[in-house]
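A quick write-up on the structure given underneath.
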Amino acid sequence: MYKIKAYRASLKHRHQILENVKVLKYLFPTIFIHTLVSPLGSIIAIVDSIVDFMDFTPATMFIFYNLAILLICIRHIFVQQSNSKTTNVTVVKNALGKSLPKMFTTDNYFQDLQHQWK
């Protein structure tokens, strides 16, 4: 059954899968940071209610939630700065990973088209 269904995906479906993978690749660090840091406030509050070693307020949960957002913003700033430094790239990759020219003039386009028709 898998072999029958696996290769019958339409072009639109395969393109949507590629787009979903690209979005998840971009969002994974953000989701990961939020998943690790945000629950720490709740965990500390629960442990504090059981052990009672320090006097934490409910604001502790919000502090860790805001800390996660702050870390995500800092990471985003560093990623943008590192991407702006690498603007001298001569090729662009499409969704399938194939290299495409970054700047393609109309003269180059028609020369390539003429070469294909020969």
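If the chain linking N20 and S49 were pulled fully straight, counting 0.36 nm for each residue of separation and taking away their Cα-Cα distance, it would gain 6.3 nm. The HN-Hα couplings worked out from phi for region 50-57 by the Karplus form 6.51 cos²θ - 1.76 cosθ + 1.60 (θ = phi - 60°) are 7, 8, 6, 8, 9, 9, 9, 9 Hz, whole numbers, x standing for Gly and Pro.
3J(HN,Hα) along region 106-118, derived from phi through the Karplus expression 6.51 cos²θ - 1.76 cosθ + 1.60 where θ = phi - 60°, amounts to 5, 4, 4, 4, 6, 5, 5, 5, 5, 5, 5, 7, 7 Hz, with x in place of Gly and Pro. Residue by residue, region 20-28 carries 3J(HN,Hα) couplings of 5, 5, 5, 5, 5, 5, 6, 8, 4 Hz when phi is fed to the Karplus relation 6.51 cos²θ - 1.76 cosθ + 1.60 (θ = phi - 60°); x denotes Gly or Pro.
Measuring r between the beta carbons of S82 and S38 and using R0 = 22 Å, the FRET efficiency lands at 0.30.
Coordinate-derived values only; no laboratory data. This one's a predicted model, so the numbers in the text were calculated from it and none came from an experiment. For neighbour counting, all protein chains shown are included, and Cβ atoms are generated from backbone atoms with ideal geometry for every residue, glycine included.
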